[in-house]
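Reviewing the structure listed below.
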Amino acid sequence: MAPRIDVTDLDLYYGSFLAVQGVTLSIEPRSITALIGPSGCGKSTFLRALNRLHEVVPGARVEGKVVLEGSSGQVVDLYGSDVDPVDVRRRIGMVFQRPNPFPTMSVYDNVAAGLRLNGARMNRSALDDLVERSLRAANLWTEVKDRLDRPGGGLSGGQQQRLCIARAIAVEPEVLLMDEPCSALDPISTLAIEDLMTELKEHFTIVIVTHNMQQAARVSESTGFFNLAGPGRPGHLVEINPTGKIFSNPDNRATEDYVSGRFG
Amino acid sequence: MARVPRRPGDRVFAGTATGAGILILVVLAGVAVFLVTEAWPAFTAPPAALPGGTGLAGYVAPLIFGTLVAAVIALVVATPLAVGIALFITHYAPRRLAAALGSVVDLLAAIPSVVYGFWGIAALAPSLVPAYRWAEKHLGVIPLFAGPASTTGRTMLTAGLVLAVMILPIISAITREVFSQVPALHREAALALGATRWETIRLTVLPYGRSGIIGGAMLGLGRALGETLAIAIVLSTSGGITLDLISSSNPSTIAANIALQFPESSGLAVNALIASGLVLFVLTLGVNALARRVVGRRADLSGAT
Ligand SMILES: Nc1ncnc2c1ncn2[C@@H]1O[C@H](COP(=O)(O)OP(=O)(O)OP(=O)(O)O)[C@@H](O)[C@H]1O
Ligand SMILES: [Mg+2]
């Protein structure tokens, strides 16, 4: 089920501004890949290109190739002209940097939102089960089980983020992209999310952007380091290697400086 | 505890804002007092002395009915259309087209109502006559189309449609404004779940824009209730309360009736007209209050952060 993602020579533009240049990497199925790097180097930009969400930004475009390779060998060219972005996003879910539950929708309906798309019908008890399972998985169930019918916008920031995670995993995507999912969370919820990721990787492919080195070191199998050559210059992938190697003896001097805090 | 010093800028601003608020209330109260004192004789006069000879209620009731029917037709026709236009402009049209279309719709709002009146009587009414005939023949069992179909087309339905075109730009301008402010975060949330464009709109734009739609519709309704000239020109008025929308005997509306009757009225008839104006005033206030309640009810959760 979980596909492997092959990115070849990917350039990302906002209008005429080249934000990220020449990314080539492979993301292994059923593993966690962490992306680290200084602010503005294009981690979010790269991540959003993986489920074609860059297309909602006017003027944003990509050059290069991203291929999804399923376990049974079928291959999908992500940017192929015959590929529907809606299908891509159904397979590749995303959790955003800032929590974004549907504010007027109830907690329950937020989690169920993805399940009710494209005319899907589920009977009530199956839906109830799935909502509960997703909320439990996101470590939110005990806090909201008595107010499932209250608006999602009324939760605390950290609760909202966990609600978004529950919403994203409820539809069981094959790949889960997470853009600094824990930056609004307390340490306990952060650990819970990390445990959750470790569980999810049994089935899913996970890519997480994080500024937290310990987090990258704790959860990920591989780590990619993005950097900026200078202000106004495009971001690029410096190296991607097994996480242990990145944090002990990386190939690149810049990586070593960054992970050891000697950056800039 | 030390008192927080008040800065002069704050004081000036607070003063002008309070002053403006009080001024509005004073003007409103002045209008209300004028209406009540001028209308009073009509309330106390013997029924036979009033125009129509059936008392004030008998005089005003058909006018209220006509006003409401025309306004409701306008609202029912214009609101979905305006929401559709706003959606198209904000979420479907290519940017160039959206800008052009937006200004065309805004332009509709700038056309004086006398022009709408002429358009209604000279173009819309005659072209609707065949449709009215057809409706009388095939839908005659429904009281709304009982007929006899008007031969001039100057019916309640035509008047309502003219009003609909007039309030369309108001409603669509407001909904468009609200729709275009839906936070990108919400849209991305829906898209990332694999929502199609329509599903994205249903999940994010419509809930977020709900209060805008209602507010726009109520503003439109306010304008439709008070519209005078277009109705006075278009509507053929010779009847009382009727559900029939396609005949030429219709009740007038309060505003159009005042405009048409005032020059030829004197004495108690003027008081009766002003009394009907008072009713319109209360009606419009009521609509506004209702809109406020509806919009305010869930405004705290509309996602406007
Ligand atoms: N919508 C946009 N339009 C134009 N430029 C953008 C847009 N979004 C991002 N950029 C630019 O692209 C570059 C990469 O931004 P991006 O958000 O991907 O960085 P990031 O690595 O995620 O940073 P952070 O760690 O702060 O989240 C930056 O120079 C940014 O200014
Ligand atoms: Mg980012």
Potential lengthening between B:Ala29 and B:Ala48 on full extension [0.36 nm per residue; Cα-Cα distance subtracted]: 3.7 nm
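Using only the alpha carbons of the range B:232-284, what is the convex hull's orientation-averaged projected area in square nanometres?
Over all viewing directions, the range B:232-284 projects a mean Cα-hull area of 4.2 nm².
Classify the range A:121-215 as rounded, prolate or oblate, taking a ≥ b ≥ c as the square roots of the eigenvalues of its Cα gyration tensor: rounded when a/c is under 1.5, otherwise prolate if a/b is larger than b/c and oblate if not.
Working: a/c = 2.12, a/b = 1.29, b/c = 1.64.
It comes out oblate by the Cα gyration axes.
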Whole angstrom only: what separates the Cα centroid of the range B:101-134 from the Cα centroid of the range A:146-162? 49
Based on the alpha carbon coordinates of the range B:51-116, what radius of gyration and maximum Cα-Cα distance (Dmax) apply, in Å? 18.8, 60
Degrees, to the nearest 10: A:124-137 long Cα axis against longest axis of chain A: 40
Whole-number D in µm² s⁻¹ for the range B:177-305, Kirkwood Cα-pair radius fed into Stokes-Einstein, 25 °C, 0.890 mPa s: 136
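Count, for each residue of A:100-112, the Cβ atoms from other chains sitting within 10 Å of its Cβ, then give me the mean as a whole number.
Mean inter-chain Cβ contacts per residue within 10 Å come to 4.
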How large is ³J(HN,Hα), in whole Hz, for each residue of the range A:103-110 in order, when computed from phi with the Karplus curve 6.51 cos²θ - 1.76 cosθ + 1.60 and θ = phi - 60°, using x for Gly and Pro? x, 8, 7, 5, 3, 4, 5, 4
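On average, how many beta carbons from a partner chain sit within 10 Å of the beta carbon of a residue in A:75-87?
On the way: counts 0, 0, 0, 0, 0, 0, 0, 0, 0, 2, 3, 8, 1.
For peptide A:75-87, the averaged partner shielding equals 1.
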Post the alpha-carbon centroid distance, the range A:223-259 to the range B:200-254, in whole angstrom. 64
For the protein assembly as shown, what does -39500 (n - 2.57) per DSSP helix run (n ≥ 4), summed and divided by total residues, give at 222 nm, in deg cm²/dmol to the nearest 500? -17000 deg cm²/dmol
Gain in length, B:Ala93 to B:Leu206, computed as 0.36 nm per residue apart minus the alpha-carbon separation, to one decimal in nm? 38.9 nm
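Given a cut-off of under 8 Å on Cα pairs at least six residues apart, what relative contact order in percent is computed for the range A:86-221?
Working: 193 pairs, mean separation 46.4, N = 136.
Taking the mean separation of contacting Cα pairs over the length of the range A:86-221, I get 34 percent.
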Which one of B:Ala259, B:Ala82, B:Ala125 has the biggest mean-square fluctuation once chain B is modelled by GNM with Cα springs under 10 Å? B:Ala259
Treat the range B:11-131 as a sphere of radius equal to its Kirkwood radius over Cα pairs and apply Stokes-Einstein at 20 °C in a medium of 1.002 mPa s; give the translational diffusion coefficient in µm²/s, rounded to a whole number. 107
Whichever lysines have a C-alpha closer than 30 Å to that of A:Lys43, once near sequence neighbours (fewer than 8 apart) are set aside: A:Lys65, A:Lys201, A:Lys245
Given the convex hull over the Cα atoms of the range B:132-212, what projected area results after averaging over all orientations, in nm²? 8.1
Separation of the A:Asp149 and A:Arg61 label points, Cα + 7 Å toward Cβ, nm: 5.1
If I take all pairs of Cα atoms in the range B:57-296, what percentage of them are more than 33 Å from each other? 27
Rg and Dmax of the protein assembly as shown over Cα atoms: what are they, in angstrom? 31.9, 104
Given the C-alpha centroids of the range A:1-60 and the range A:126-141, what is the distance between them in whole angstrom? 30
Can you tell me the FRET efficiency between B:Lys137 and B:Val115 if r is taken as the Cβ-Cβ distance and R0 is 35 Å, rounded to the nearest 0.05? 0.60
At q = 0.07, 0.08, 0.14, 0.16 Å⁻¹, what is the log10 ratio I(q)/I(0) for chain A, with the Debye formula run over Cα points and no solvent? -0.24, -0.32, -0.99, -1.25
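Every number in this text was worked out from the coordinates using simple rules, so none of it is lab data. Please read these numbers as outputs of a predicted model, since none were measured by experiment. In this analysis, Cβ positions are derived from the backbone assuming ideal geometry, glycine residues included, and neighbour counts consider all displayed protein chains.
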